[in-house]
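Each remark here refers to the structure printed beneath this line.
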Amino acid sequence: PRGSVPVLSPQVGSYRDISQESLSLFRLLEPRIEILVLGTGDRVERLHPALLRHMRACGIAVEVQDTANACATFNFLMSEKRLTAAGLIPP
């Protein structure tokens, strides 16, 4: 239903586990998301540029932040009625 937020849990323990495979579930969501907010724990961690390019090629912008800021960004985007999802690694 519109407005509901599914909770999905790929097996990601740290930012090093973020891969095309672990992000593939976000490409399957309907309605299709525009923005994926990734929280990488206590710090902003750099993801491989090819991974970010791949997601952009699939039509999904990726915003990488520390998890506290990623939560705030996700909530803001939801309040703006943007089609967004979050992948959050606990700090």
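Note on region 17-45: residues that are of a type in the set (Asp, Glu) and either under 13 Å from Leu88 (Cβ atoms) or open to solvent by less than 80 Å² (accessible area, probe 1.4 Å) (or both) amount to 4.
Selection of first residues in region 12-30 that are of a type in the set (Ser, Thr, Tyr) and of second residues that are assigned to a helix (DSSP H, G or I), restricted to Cβ pairs under 9 Å at least 6 apart or on distinct chains, gives the following pairs, ordered by first then second residue: Ser19/Leu51.
The values are calculated or read from the model by the stated rules, or taken from the named source; none is laboratory data. Just so it is clear, the model here is predicted, and its values are computed rather than measured. Note: ideal-geometry Cβ built from the backbone for every residue, glycine included; neighbour counts use all protein chains shown. Only protein heavy atoms, including side chains, enter the accessible area calculation; ligands, DNA and RNA are left aside. Shrake-Rupley method; radii C 1.70, N 1.55, O 1.52, S 1.80 Å.
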